[in-house]
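Working notes, beginning with the structure itself.
Please treat every number below as a calculation from the coordinates, not as lab data. What you see is a predicted model; the values in this text were computed from it and never measured. In this analysis, Cβ positions are derived from the backbone assuming ideal geometry, glycine residues included, and neighbour counts consider all displayed protein chains.
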Amino acid sequence: MNFSGSHILSIDQFDRGDVETIFNVADKMAPFAKRDSITKVLDGAILGSMFFEASTRTRISFGSAFNLLGGSVRETTGFEHSAIAKGESLYDTARVLSGYSDVIVMRHPENGSVLEFSKASRVPVLNGGDGTNEHPSQALLDLYTIKNELAFRGRNIDRLRIAMVGDLKFGRTVHSLCKLLALFKDIRVVLVSPEELKMPRELVEYLKEQGQEVIESDALEESISNVDIVYSTRIQEERFKSQEEADIYRGRFRLNQTIYTANCEPNTVIMHPLPRDSREHARELDDDLNDNPNLAIFRQTDNGVLVRMALFALVLDVEHEINSSARDTIWYTAGRSL
Amino acid sequence: MNFSGSHILSIDQFDRGDVETIFNVADKMAPFAKRDSITKVLDGAILGSMFFEASTRTRISFGSAFNLLGGSVRETTGFEHSAIAKGESLYDTARVLSGYSDVIVMRHPENGSVLEFSKASRVPVLNGGDGTNEHPSQALLDLYTIKNELAFRGRNIDRLRIAMVGDLKFGRTVHSLCKLLALFKDIRVVLVSPEELKMPRELVEYLKEQGQEVIESDALEESISNVDIVYSTRIQEERFKSQEEADIYRGRFRLNQTIYTANCEPNTVIMHPLPRDSREHARELDDDLNDNPNLAIFRQTDNGVLVRMALFALVLDVEHEINSSARDTIWYTAGRSL
Amino acid sequence: MNFSGSHILSIDQFDRGDVETIFNVADKMAPFAKRDSITKVLDGAILGSMFFEASTRTRISFGSAFNLLGGSVRETTGFEHSAIAKGESLYDTARVLSGYSDVIVMRHPENGSVLEFSKASRVPVLNGGDGTNEHPSQALLDLYTIKNELAFRGRNIDRLRIAMVGDLKFGRTVHSLCKLLALFKDIRVVLVSPEELKMPRELVEYLKEQGQEVIESDALEESISNVDIVYSTRIQEERFKSQEEADIYRGRFRLNQTIYTANCEPNTVIMHPLPRDSREHARELDDDLNDNPNLAIFRQTDNGVLVRMALFALVLDVEHEINSSARDTIWYTAGRSL
């Protein structure tokens, strides 16, 4: 695809080459995200951060990514947006708000709302999550993390073996990750979930159609013994009819250091879209894994900044200008490498 | 008036020369608002954006205007401001908050509150709307749009013929616009409303005293046939005693493409303060006008940024320095011209 | 202490030399806070302003301080932060959020939460108030104001005579101020409160152990007659069991111009942590003092910006680089000196 001026609404927009383009630009962002140097490539540009639904970390991650490129951020959080209550169409809202900024990231509780908004917007729109539908930057940061972790082990994404564990029915991130993985070669996906929370059939069929191997299981320990990545997920309790129903599944699949040591290959990477549920009855990823160097969950969120910087740079067409305004940072940054 | 260091609280502060000064500075802002170039004239300055009442677009418009001049924005939205609940006077609030910024824009639900705040502030205060009282930047952007639309047709504001349609009793914007128009020559104002929602008598009298022609009517089609501008307004339903009472008037005067074609002169400009009510039973301006090139409603909100940039530049006395730090933009901006 | 990369969590971290270091750096910030010049020393750096509890002025003061150093601010206000509701630990929250910024200021309703957060943070954390526990930048700005007011009178902090008046039981600021004053020499502290709202015993003992003189009283007028500073406080009514109980004490000790003139030495400084309660039945500091040049309450909040700039400069280790990027301001700033 041609990124310049485009909206980023769905991972369905991308082919393998597009994903690789995004990742190459994300790699170029590392010195800035790590504060080795700063760039002012988007000095003077404004991000409209329109979060009609709360999501602190996604909002701050996008905002920080834009700041790291030198731009400013104007923001809305929650439904302060009373114009909609007065009967304004999303078309009008988009026409107006897109006059105030150079690019918009939007989150909204309703499926399809960001697409509708983007049709009337005069600037590129990035989907920051529209209901249960799409959250493309999350899917990209997950795959980018997989790429980086494997690269550290001398591998690439092709021939990946990954176990996805937990609530595979309601977990938006695993759905998107499956779609992205389908673009690569010889992927083996092990799906570990309770019978009632299995991955949707159409996604399983899609993976198989693309030539990938899919194994389904409801047993954790055997499923994680021959994989490169264990991708654990939280029970999406807010999606169940009752707390009681969610509690049936919560805590069903728990990974801790003992189980990891007993079952996983050395260097098996542990991922999770976060937040992880650290309450006693849940703990899908135990805190005793925190010192395990293969725990990549905070590298995932760090990578989110790189991926979002890359998306901004691509849609605003400055990916080749990043280094022209670069200079060294002068303040304390040593703690970041911890 | 001398703008440097002044508060902007009410359109009553302005004479015709002041309005023309603001518009001349707004014209100079166009290259920056259109992203042809960027300026950093207010680099290092801080806007205190104090919105004690929600108004997303006014808040974002002011904030973006300040960013476009190179400044930073610190913001409050809603009555998070618990100090007032603890018995703090507006005097104290103003003394404190004005120590944090170089200029303040304030919105507040109570009439007169911004004036009271400004008396204790040590930095210029811009009224972003105080209850039903004043919202001067909205009035200025409306008139600035009229100026621009007429200029495009080889005209100026003098001898303007304008129809104001809808809720003329409660609509703050039409009241302010009448006051500003009174500063010009040979204006004909056609006021179209239900009998119960007529323009306040004192404003009608004021217009006449200033030598303007005023025609009142409750018939839409004949009233819009010989005017340069149709300024449509929403029924301010939140101001009625009941939803039922508001519903009596909602949908009474609807302008759509068919009525426009049948009645209006070619190139009659269509304006609206927004939000327009696009729900079935309202639709004072139909969506089928969206492709009409004379629909100026989104040019109005775009012009809001120019006017607010001009106000900041004037009260902070940098209107002659704007271009000294200007340079070309380097990112994608092509979609903005749509 | 070594400030570079450190968390600022409690005034217990500081010895006298540390306090003097902070104040020396704060002094260097004055030209920037007064807008004589601007600095961009933190251009490219990001402050994560994490206010899990509302506090407009503390939040804006920290944010403005960071902007004045050239940095950008990303912000959370209130408990939008739904991840915690989904069972996320403060450890995870800290690991994630600290990846987005270069320094964090955090406010949280629970005692000890900022300390816990800081342990997992990869960037320096400044405590912006954790419940009833600590609010170190407020204590520092109070003492910095005392230093400045005394310096103006040719004095230093040693041999200070100060009266603290009002709710000394629940007032967090007076507790912290006592701890800081204990670091200096020959301090006389006169504590004026109702019997039921006396300063906690352990603080009184601590002051005495450090060689300071402590006098307790429940009579205002005689207590303020031989002091350099009167530090008045609001009845912390939200800390009482009922409004009725708070009302017993509210209005008990009122300072106004008449009482000041009759009892105080000339040039006795009047301080208050703000907000002051200006309602009829409270008025611990009457509005008729507003024109008294010794009323230092707004110099306190102004000084808060200097102290917070100093803390940022110290923990990010740029205190020696401040002037390297300095240049003159060009916009209107005359009103600030009022």
So the FRET efficiency between B:Ser37 and B:Glu244, C-beta based with R0 = 56 Å and rounded to 0.05, is 0.60
Proximal charge balance of A:Phe32 [Cβ under 14 Å; K/R count +1, D/E count -1]:
-2
Under the 7 Å Cα-to-Cβ spin-label approximation, C:Asp15 and B:Glu221 lie apart by a distance in nanometres of 9.1 nm
Under a crude label model (7 Å from the Cα following the beta-carbon direction), how far is A:Asn2 from A:Asn156 in nanometres?
2.7 nm
Between B:Lys119 and the same site in the other copies, what are the distances in nm, shortest first, taking label points 7 Å from Cα along the C-beta direction?
5.3, 5.3
For an R0 of 51 angstrom, estimate the FRET efficiency from the Cβ-Cβ distance between A:Lys119 and C:Asp286 and round to the nearest 0.05.
0.30
Scattering profile of chain A at q = 0.08, 0.09 Å⁻¹ [log10 I(q)/I(0), Debye over alpha-carbon scatterers]:
-0.39, -0.49
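Report the calculated FRET efficiency for A:Ala85 and A:Ala262 (r = Cβ-Cβ distance, R0 = 45 Å), to the nearest 0.05.
Values: r = 56 Å, r/R0 = 1.24.
Once rounded, the FRET efficiency stands at 0.20.
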Test item: C:294-305 mean partner chain Cβ contacts at 10 Å
3
In Å, the Kirkwood estimate of hydrodynamic radius for the stretch C:137-298 over Cα pairs equals 15.7 Å
Whole-Å distance linking the alpha carbon centroid of the stretch C:125-150 with that of the stretch C:25-62 is 15 Å
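Could you work out, residue by residue across B:322-332, how many beta carbons of other chains sit within 10 Å of that residue's beta carbon, and then give the average as an integer?
Values: counts 0, 0, 1, 1, 0, 2, 1, 6, 11, 17, 14.
The mean count of partner-chain Cβ atoms within 10 Å per residue comes to 5.
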Could you sort the peptides B:45-54, B:272-281, C:198-207 by per-residue average Cβ neighbour count (10 Å cutoff), highest mean leading?
B:45-54, B:272-281, C:198-207
Ranked highest first by the average count of other Cβ atoms within 10 Å around their residues, in what order do A:90-97, B:150-157 fall?
A:90-97, B:150-157
What angle, in degrees between 0 and 90 and rounded to the nearest 10, separates the Cα long axis of helix B:16-33 from the longest principal axis of the Cα atoms of chain B?
70 degrees
Relative to the other copies, what are the label-point distances for B:Arg239, with labels 7 Å from Cα along the C-beta vector, expressed in nm at one decimal and sorted shortest first?
4.7, 4.7
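With +1 assigned to the C-beta of every Lys and Arg and -1 to the C-beta of every Asp and Glu, and no other charges, what is the dipole magnitude of the protein assembly as shown about the Cα centre in debye, to the nearest 20?
The calculated dipole for the protein assembly as shown is roughly 1780 debye.
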Here the correct list, in nm and shortest first, of distances from C:Thr261 to the same site in the other copies, label points 7 Å along Cα→Cβ, is 8.0, 8.0
List B:Asp218, B:Asp43 from most exposed to least, where exposure is judged by having the fewest other Cβ atoms within 10 Å.
B:Asp218, B:Asp43
Among A:326-333, A:135-142, how do they line up from the highest to the lowest mean number of other beta-carbon atoms within 10 Å?
A:135-142, A:326-333
Average other protein chain Cβ within 10 Å of Cβ, residues C:68-75:
6
Once Lys and Arg get +1 and Asp and Glu get -1 on their Cβ, which of A:Gly166, B:Ser242, B:Val105 lies farthest toward the positive end of the dipole of the protein assembly as shown?
B:Val105
Using alpha-carbon coordinates alone, the radius of gyration and Dmax of the protein assembly as shown in Å work out to 30.6, 92
Using Cα positions and a limit of under 22 Å, work out the lysines in reach of C:Lys34, with same-chain residues fewer than 8 apart set aside.
B:Lys40, B:Lys119, C:Lys147
